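This report refers to the structure that appears directly beneath it.
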Amino acid sequence: MSASSTHNQTKPKTTEQWQALDAAHHIHPFTDTAALNKEGVRVITNAKGIYLYDSEGKRLLDGMAGLWCVQLGYGHEELAEAGCKALRELSFYNNFFKTSNPWTIELAAKLAQVLPAGMTRILFANSGSEANDTALKLIRYYWNLKGKHEKKIHLSRAYSYHGVTMAAASLSGLTPMHTQFDLPLPGFEKVPTVYWYGEGGSLTPGEYGIAVAKKLEEKILELGAERVASFSAEPIHGAGGLMLPPDSYWPEIQRICKKYDVLLHLDEVITGFGRTGQWFGAQTYHVEPDIMAMAKGMSSGYQPISAIALGSRMGEAIASANEELVHGYTYSGHPVTCAVALKNLEILERDRIVERVRDDTGPYFQKSLREIFENHPLVGEVRGIGLLGAIELVDDKKTRKFFPRERDVGTLCRNFCFASGLVMRAIRDTMVLSPPLVITRPEIDELLSLAKTCIDRTAKELGRL
Ligand SMILES: Cc1ncc(COP(=O)(O)O)c(C=O)c1O
């Protein structure tokens, strides 16, 4: 790269110039490159609190906290300071050669304090996908240590999203993630999941929760418990469409995993760090996992960092194996990412953000969401917990009839949102909200009023209002 092009990085450009450069050189994740390049990318230039600003000076209320991760909102000075300080003091050192550093040590200890009881041993990685990939390797290792070499099958759920590495994508139940890459790998099997609104039929949520959990038991019996290593699940489905478990579901899953000696792997990448009004979804649903993956809200998205926490059974076995664990990333426990994550946890605790979501903003958000949307002609179901919310758009409210997929009503609505200054995600025809945890009541009012405008516009466009 020439000196002048390096200098150019900081030079302001017009939106058209950014778009042309991006189109020429940048392949985006989960994006149709050709279509995007025709349309021109949106360039986000700065952000503060719950608002993003683009290169045209347009303000967007970020109803998705980035990608479900910016717990403390954007531009938090203390997080920036913590990162800068660590960058100056120890810009990098690894944790391989019998070394560690103050930030990694403190972060592991802090996580052990806020994690469910017994989860005291932590490994670090850089993304949710890596955390899940690592979790699967540790599950295999655990069973090998125990001499149970037959236990190799990883079970997970339809509609689940666990990331994009070969193993994490294989674990994911969103089938479009498989086709392009000849996945899943062998040894990955799926069971049905908790989509009561779409698939519950005439069962009550309670009956349905048990019936779906029993599908796990049937699958274990079909494959043979001696061959099943683990069951992986998000406490609440995120990217699959924000499906929440009925109260009956998790206790039954826990019972089944215990009965057949199947390790329970919880993917808390979205549900961790206060999103549901508790530190972790495991606490919200009283689940005791053997291993847990976390990322996103761990640093409020300010740095790429993830972690894997081990319950006592796996933790003790691996920590006392008396041999080298042949696994780790160059950046596992990077001092700068750990410094930012540590500060993030300190602020979540100091400012009582998790309690605020549990007692104040979470209940307010849920109540308002239902009041505004439950009787809307285009809305089939409103669901959510804490600061997670979903509004499912349907063709016929009475009969729970969905729109044909090719109609792409979700994208229609999402486009109205962007045009109106709101980021709201569409998953199929379910509109999803997951705002920063620092959002205030007046900001929730603003968010939901914008969402209402956009859903009304969608309804009008479809001739329903
Ligand atoms: C539940 C869950 N697990 C794993 C991942 C993958 O995380 P990453 O994109 O950081 O690899 C995601 C990302 O959205 C997620 O929602």
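The values are calculated or read from the model by the stated rules, or taken from the named source; none is laboratory data. It should be emphasised that the depicted structure is a prediction, and the values quoted were computed from it without experimental measurement. Heads up, the Cβs are rebuilt from the backbone with ideal geometry, glycines too, and the neighbour counts pull from every protein chain shown.
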Is it the case that the range 253-263 has a residue that's in contact (Cβ under 8 Å) with a residue 24 or more places away in the chain, within 11 Å of the ligand (Cβ to nearest atom) and out of contact with any Asp or Glu (no Cβ under 7 Å at 6 or more places or on another chain)?
-> no
Flagged in the range 339-350 as touching a residue at least 60 places away in the same chain (Cβ under 8 Å) and closer than 15 Å to PHE273 by Cα, in numbering order, are VAL340, ALA341, LEU342, LYS343, ASN344, LEU345, GLU346, ILE347, LEU348, GLU349
Confirm whether GLN71 is within 16 Å of the ligand (Cβ to nearest atom) and either surrounded by 15 or more Cβ atoms within 10 Å (Cβ to Cβ) or touching a residue at least 12 places away in the same chain (Cβ under 8 Å) (or both).
-> yes
Quick one: which residue in LEU79, LEU60 is surrounded by 15 or more Cβ atoms within 10 Å (Cβ to Cβ), of a type outside the set (S, T, N, Q), touching an Asp or Glu at 6+ places or on another chain (Cβ under 9 Å) and at pLDDT 95 or above?
-> LEU60
Extreme residue, farthest from LYS146 (Cα to Cα), among residues of the range 202-214 that are among the small types (Gly, Ala, Ser) and in contact with a helix residue (DSSP H, G or I) (Cβ under 8 Å, 6 or more places away or on another chain) = GLY209
Per-region count, the range 291-317, residues small (Gly, Ala, Ser), within 15 Å of the ligand (Cβ to nearest atom) and touching a strand residue (DSSP E or B) at 6+ places or on another chain (Cβ under 6 Å) | 5
Picked from the range 266-290 (must be in a loop (DSSP other than H, G, I, E, B) and more than 12 Å from PRO116 (Cβ to Cβ)), the residue farthest from the ligand (Cβ to nearest atom) is GLY277
Could you tell me which of the residues GLU446, GLU461 is out of contact with any helix residue (DSSP H, G or I) (no Cβ under 8 Å at 6 or more places or on another chain), surrounded by fewer than 18 Cβ atoms within 10 Å (Cβ to Cβ), within 19 Å of HIS376 (Cβ to Cβ) and at pLDDT 95 or above?
-> GLU446
Restricting to the range 215-231, what's the tally of residues that are of a type in the set (D, E, K, R) and touching a helix residue (DSSP H, G or I) at 6+ places or on another chain (Cβ under 7 Å)?
-> 1
Quick one: which residue in GLU374, GLU349, GLU381 is out of contact with any strand residue (DSSP E or B) (no Cβ under 6 Å at 6 or more places or on another chain), at pLDDT 95 or above and surrounded by fewer than 21 Cβ atoms within 10 Å (Cβ to Cβ)?
-> GLU349
Please find, among ASP408, ASP445, the residue that is out of contact with any Pro (no Cβ under 8 Å at 6 or more places or on another chain) and under 29 Å from PHE273 (Cα atoms).
-> ASP445
Among the residues of the range 232-266, write down those that are over 17 Å from GLY384 (Cβ atoms) and touching a helix residue (DSSP H, G or I) at 6+ places or on another chain (Cβ under 6 Å).
-> SER232, SER248, GLU252, ILE253, ILE256, TYR260, LEU263, LEU264, HIS265, LEU266
Within the range 430-437, identify whether any single residue is out of contact with any helix residue (DSSP H, G or I) (no Cβ under 7 Å at 6 or more places or on another chain) and farther than 25 Å from GLY200 by Cβ, and answer yes or no.
-> no
Find the residue count for the range 45-77, including only residues that are more than 22 Å from MET431 (Cα to Cα) and among the aliphatic types (A, V, I, L, M).
-> 2
Wholly enclosed helices (runs of 4 or more DSSP H) of the range 131-246 bearing at least 2 residues away from the ligand (no atom under 16 Å from the Cβ) and without any contact (Cβ under 8 Å) to a residue 12 or more places away in the chain = 205-223
Checked against (1) away from the ligand (no atom under 16 Å from the Cβ); (2) in a helix (DSSP H, G or I), ALA117 satisfies every condition except (2)
Among the residues of the range 332-340, is there at least one that is out of contact with any Ser or Thr (no Cβ under 7 Å at 6 or more places or on another chain), modelled with pLDDT of 95 or more and either charged (D, E, K, R) or farther than 23 Å from TYR74 by Cα (or both)?
-> yes
Across the range 128-143, the tally of residues that are over 19 Å from PHE96 (Cβ atoms), of a type in the set (S, T, N, Q) and either surrounded by fewer than 23 Cβ atoms within 10 Å (Cβ to Cβ) or touching a Phe, Trp or Tyr at 6+ places or on another chain (Cβ under 9 Å) (or both) stands at 0
Which numbered condition LYS98 misses (of (1) in contact (Cβ under 8 Å) with a residue 24 or more places away in the chain; (2) surrounded by fewer than 23 Cβ atoms within 10 Å (Cβ to Cβ)) = (1)
Are there any pairs, at least 6 apart or on different chains, whose C-beta atoms fall under 8 Å, with the first in the range 429-442 and over 13 Å from TYR51 (Cβ atoms) and in contact (Cβ under 8 Å) with a residue 40 or more places away in the chain and the second surrounded by 24 or more Cβ atoms within 10 Å (Cβ to Cβ) and of a type in the set (Asp, Glu), and if so, which?
-> THR430/GLU392; MET431/GLU392
Would you please list the contacts, defined by Cβ atoms under 6 Å and residues six or more apart or on different chains, that run from a residue in the range 355-371 that is free of Cβ contacts under 8 Å to residues at least 60 places away in the same chain to a residue that is β-branched (Val, Ile, Thr)?
-> ARG370/VAL382
